[in-house]
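S.K.: Structure in structure tokens, see below.
The values are calculated or read from the model by the stated rules, or taken from the named source; none is laboratory data. Everything numeric in this text was worked out from a predicted model, so none of it was measured. No Cβ is skipped: glycine too gets one built from the backbone with ideal geometry, and neighbour counts run over all protein chains shown.
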Amino acid sequence: MASNRDDTTEKSQESDDPPGPDGFPVIGNLPDLFQDQLGLYERCAEEYGDVVRVDVGGEEFYHVTHPEYIEQILVKDDAKYVKGDFQQEALAGVTGDGLFLSEGEQWERQRKIIQPAFFHERVDEEYTQMMTEYAESLTDDWEDGQRISLHEEMRALTLQILAKTLTGQDIRNKETAIGDAGHAITAKFGGSKSSVFLPDWLPTPTNIRYKRTLQQFTEVIDGMIQERKSDDTDRIDLLSILLDAEADDGSQMSDKTVRDQIFSFLLAGHETTALTLTYSWYLLSKNPEKREKLVAEIDEVLDGRTPTMQDLDELDYPDKVVKESMRLYPPVYNFFREPVTDVEIGGYEIPEGATLSLPQWVVHRDERWYDDPEEFRPERWAEELEDERPDYSYFPFGGGPRHCIGMRFARIEAQLVLATVAQEFELELAEEDPLELVAAINIQPKDEIPVRVEKR
């Protein structure tokens, strides 16, 4: 994204209030939000700077897009911020009492309980083999010249991997309920749709489908919990950790709390990695010279064998591809925080209880930090170039104490899947239609991306 902003955090200002676009009476900038949410973010940063006030239906939002201020919010002053009412009201029906929205002591306890499931040794030694096995199983079903739906294939794959690693269960016969829930949530929270602002109890077609599919997903997870409870096998996956966890008083998590945790991880965890892979394959197909470089390195290092965790030390380019894909198309394109006290950001006074928006979509495309930011250049992630950029000019997994707990898992999964699939197939776009996006909970392709798989 081109920017007219100076490369400085200093501002001369006549008011303590940040600048921002004028809106309509009562509804503020809602029409712009509905029409083009990502475009609104870009215009705000381009025209008004690194701290921008936006009226959304009478509620004040503050967009913050300078890495220094983002680090201040997420890391240095993180105790002054919570997820806030905006996310609680919007997402409580999806994540419930899970780690994503919990705060304070409840969040600390949950994070401590869940962390062992994502320890390095568990990811490195146990999960990686499952990742490649499922990826090979996927390609075993492909035929040369077959046309597939890219995003749906990646969704199915990452859901199978996550369910197996975190619950120990194969859900290949239960994918429909989870996939339907993902589609319904996208429809409900699509940024261009007014449905996100309508209460869940209103019987619109979108709400009816949303509630029905969430209930079906809930039933699937309840079945998984009951199946695990009846299994005496000693396991150390996330589901077992949650079921066995005890508080200081000896009490255990309720089935609902366990369900909310598994629900959040399965739904959010598989979708973000599926999108990373979808956009990676899309970008590689649009840039065949980059794909050739990826394949050449994979062939040289692996020579036809299945990749392992140890191979990632030599497989440098898959990591660069994943990083660059998540720069251009960060699945989580915006973080929100709410200050619990009045704060100062960039010289502006932000009141307690305001909603702060930290849009990766804007920061990751800022030409102050990235040359030719719209171009797909995995090479920009060479270590010496990466070190030149400020911290939090890139933050696809958030930052500070509340950074994504599955960050390492997701990055390794994406790299191993790329290496496994690229050995066997090239994925070519079957149509040249421009990629249109929907800003829902994640950045989703508006339409399916058809690709043709060609045997190498």
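S.K.: Given the conditions (1) in a loop (DSSP other than H, G, I, E, B); (2) of a type outside the set (A, V, I, L, M, F, W, C); (3) in contact with a helix residue (DSSP H, G or I) (Cβ under 7 Å, 6 or more places away or on another chain), and given that Thr218 satisfies all but one, which numbered condition is not satisfied?
M.R.: Failed condition: (1).
S.K.: The conditions are (1) surrounded by fewer than 21 Cβ atoms within 10 Å (Cβ to Cβ); (2) modelled with pLDDT under 95; (3) within 22 Å of the chain's Cα centre (by Cα), and Leu30 fails exactly one of them. Which is it?
M.R.: For Leu30, the failing item is (3).
S.K.: Being part of a helix (DSSP H, G or I), over 26 Å from Gly57 (Cα atoms), of a type in the set (D, E, K, R) and at pLDDT below 85 is the filter here; which residues of segment 76-107 pass it?
M.R.: Glu105
S.K.: (1) within 18 Å of Ala440 (Cα to Cα); (2) in contact (Cβ under 8 Å) with a residue 60 or more places away in the chain; (3) surrounded by fewer than 18 Cβ atoms within 10 Å (Cβ to Cβ): which one isn't true of Asp16, the others all being true?
M.R.: The number of the failed condition is (1).
S.K.: Continuing with this model, one more query. For segment 257-264, does any single residue satisfy the condition of being more than 20 Å from Ile171 (Cβ to Cβ), free of Cβ contacts under 8 Å to residues at least 60 places away in the same chain and among the hydroxyl-bearing types (Ser, Thr, Tyr)?
M.R.: First pass over segment 257-264, keeping only residues more than 20 Å from Ile171 (Cβ to Cβ): 257.
Adding the requirement that they be free of Cβ contacts under 8 Å to residues at least 60 places away in the same chain leaves none.
The answer is no, given that none of the residues of segment 257-264 is more than 20 Å from Ile171 (Cβ to Cβ), free of Cβ contacts under 8 Å to residues at least 60 places away in the same chain and among the hydroxyl-bearing types (Ser, Thr, Tyr).
S.K.: Can we say Ser251 is among the polar types (S, T, N, Q), over 19 Å from the mean Cα position of the chain (by Cα) and under 25 Å from Ala414 (Cα atoms)?
M.R.: Working: among the polar types (S, T, N, Q): yes; over 19 Å from the mean Cα position of the chain (by Cα): yes; under 25 Å from Ala414 (Cα atoms): no.
Criteria not met by Ser251.
S.K.: Let me ask you something else. Can you tell me which residue within segment 221-247, out of those that are among the polar types (S, T, N, Q) and either in contact (Cβ under 8 Å) with a residue 12 or more places away in the chain or in a helix (DSSP H, G or I) (or both), is nearest to Phe119 (Cα to Cα)?
M.R.: Step one: list which residues in segment 221-247 are among the polar types (S, T, N, Q), which gives 226, 230, 233, 240.
With the extra rule that they be either in contact (Cβ under 8 Å) with a residue 12 or more places away in the chain or in a helix (DSSP H, G or I) (or both), the set shrinks to 226, 240.
Details: Gln226: 26, Ser240: 15 Å.
Looking at residues that are among the polar types (S, T, N, Q) and either in contact (Cβ under 8 Å) with a residue 12 or more places away in the chain or in a helix (DSSP H, G or I) (or both), I get Ser240.
S.K.: Separate question: Count, please, the residues in segment 131-166 that happen to be closer than 28 Å to Glu428 by Cβ, out of contact with any strand residue (DSSP E or B) (no Cβ under 7 Å at 6 or more places or on another chain) and either outside any helix (DSSP H, G or I) or not charged (D, E, K, R) (or both). Write out each step before concluding.
M.R.: So in segment 131-166, the residues closer than 28 Å to Glu428 by Cβ come out as 131-162.
Then drop every residue that is not out of contact with any strand residue (DSSP E or B) (no Cβ under 7 Å at 6 or more places or on another chain), which leaves 131-138, 140-141, 143, 152-162.
Adding the requirement that they be either outside any helix (DSSP H, G or I) or not charged (D, E, K, R) (or both) leaves 131-132, 134-135, 137-138, 141, 143, 154, 156-162.
So the answer is 16.
S.K.: Sort out which residues of segment 44-77 are surrounded by fewer than 17 Cβ atoms within 10 Å (Cβ to Cβ) and of a type in the set (Lys, Arg), and write them in order of number.
M.R.: Lys76
S.K.: Test Gly250 against the stated conditions and say whether it is in contact (Cβ under 8 Å) with a residue 12 or more places away in the chain, small (Gly, Ala, Ser) and in a loop (DSSP other than H, G, I, E, B). Don't jump to the end; show me each part of the working.
M.R.: Details: in contact (Cβ under 8 Å) with a residue 12 or more places away in the chain: no; small (Gly, Ala, Ser): yes; in a loop (DSSP other than H, G, I, E, B): yes.
Criteria not met by Gly250.
S.K.: While we're on this one: Can you find, within segment 352-363, the residue that is farthest from the chain's Cα centre (by Cα) among those that are closer than 15 Å to Ile70 by Cα and surrounded by fewer than 22 Cβ atoms within 10 Å (Cβ to Cβ)? Don't jump to the end; show me each part of the working.
M.R.: Taking segment 352-363 first, the residues closer than 15 Å to Ile70 by Cα are 355-363.
Then keep just the ones that are surrounded by fewer than 22 Cβ atoms within 10 Å (Cβ to Cβ); that gives 355, 357.
Working: Thr355: 20, Ser357: 15 Å.
Among residues in segment 352-363 that are closer than 15 Å to Ile70 by Cα and surrounded by fewer than 22 Cβ atoms within 10 Å (Cβ to Cβ), the one farthest from the chain's Cα centre (by Cα) is Thr355.
S.K.: Going through segment 264-319 one residue at a time, which ones are closer than 30 Å to Gln215 by Cβ and not hydrophobic (A, V, I, L, M, F, W, C)? Lay out the reasoning, then the answer.
M.R.: Step one: of segment 264-319, the residues closer than 30 Å to Gln215 by Cβ are 264-278.
Residues satisfying the conditions are Ser264, Gly269, His270, Glu271, Thr272, Thr273, Thr276, Thr278.
S.K.: Quick one: count up the residues across segment 241-295 that are acidic (Asp, Glu) and buried (at least 20 other Cβ atoms within 10 Å of the Cβ). Talk me through it step by step, then tell me what you get.
M.R.: Of the residues in segment 241-295, the ones acidic (Asp, Glu) are 244, 246, 248-249, 255, 260, 271, 289, 292.
From what's left, buried (at least 20 other Cβ atoms within 10 Å of the Cβ): 260, 271.
So the count comes out to 2.
S.K.: Looking only at segment 37-87, which residues are free of Cβ contacts under 8 Å to residues at least 60 places away in the same chain and within 21 Å of the chain's Cα centre (by Cα)?
M.R.: Of everything in segment 37-87, those that are free of Cβ contacts under 8 Å to residues at least 60 places away in the same chain and within 21 Å of the chain's Cα centre (by Cα) turn out to be Gly39, Leu40.
S.K.: Looking at (1) modelled with pLDDT of 95 or more; (2) β-branched (Val, Ile, Thr); (3) under 22 Å from the mean Cα position of the chain (by Cα), which one does Ile298 not meet, given that it meets all the others?
M.R.: (3)
Each row is one residue, and each column tells you yes or no for (1) modelled with pLDDT of 95 or more; (2) assigned to a helix (DSSP H, G or I); (3) out of contact with any Asp or Glu (no Cβ under 8 Å at 6 or more places or on another chain).
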residue: Pro396; (1), (2), (3): yes, no, yes
residue: Ile405; (1), (2), (3): no, no, yes
residue: Ala414; (1), (2), (3): yes, yes, yes
residue: Val421; (1), (2), (3): yes, yes, yes
residue: Glu431; (1), (2), (3): no, no, yes
residue: Asp447; (1), (2), (3): no, no, no
residue: Arg452; (1), (2), (3): yes, no, no
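S.K.: Continuing with this model, one more query. For segment 129-145, which positions are surrounded by 13 or more Cβ atoms within 10 Å (Cβ to Cβ) and either more than 20 Å from the chain's Cα centre (by Cα) or free of Cβ contacts under 8 Å to residues at least 24 places away in the same chain (or both)? Let's see the steps before the verdict.
M.R.: Filtering segment 129-145 for residues surrounded by 13 or more Cβ atoms within 10 Å (Cβ to Cβ) gives 129-136, 138-139, 142.
Within segment 129-145, Gln129, Met130, Thr132, Glu133, Tyr134, Ala135, Glu136, Leu138, Thr139, Trp142 qualify.
S.K.: When you check Asp391 against the structure, is it touching a helix residue (DSSP H, G or I) at 6+ places or on another chain (Cβ under 6 Å), in a loop (DSSP other than H, G, I, E, B) and either in contact (Cβ under 8 Å) with a residue 24 or more places away in the chain or surrounded by fewer than 22 Cβ atoms within 10 Å (Cβ to Cβ) (or both), yes or no?
M.R.: On the way: touching a helix residue (DSSP H, G or I) at 6+ places or on another chain (Cβ under 6 Å): yes; in a loop (DSSP other than H, G, I, E, B): yes; either in contact (Cβ under 8 Å) with a residue 24 or more places away in the chain or surrounded by fewer than 22 Cβ atoms within 10 Å (Cβ to Cβ) (or both): yes.
It is true that Asp391 is touching a helix residue (DSSP H, G or I) at 6+ places or on another chain (Cβ under 6 Å), in a loop (DSSP other than H, G, I, E, B) and either in contact (Cβ under 8 Å) with a residue 24 or more places away in the chain or surrounded by fewer than 22 Cβ atoms within 10 Å (Cβ to Cβ) (or both).
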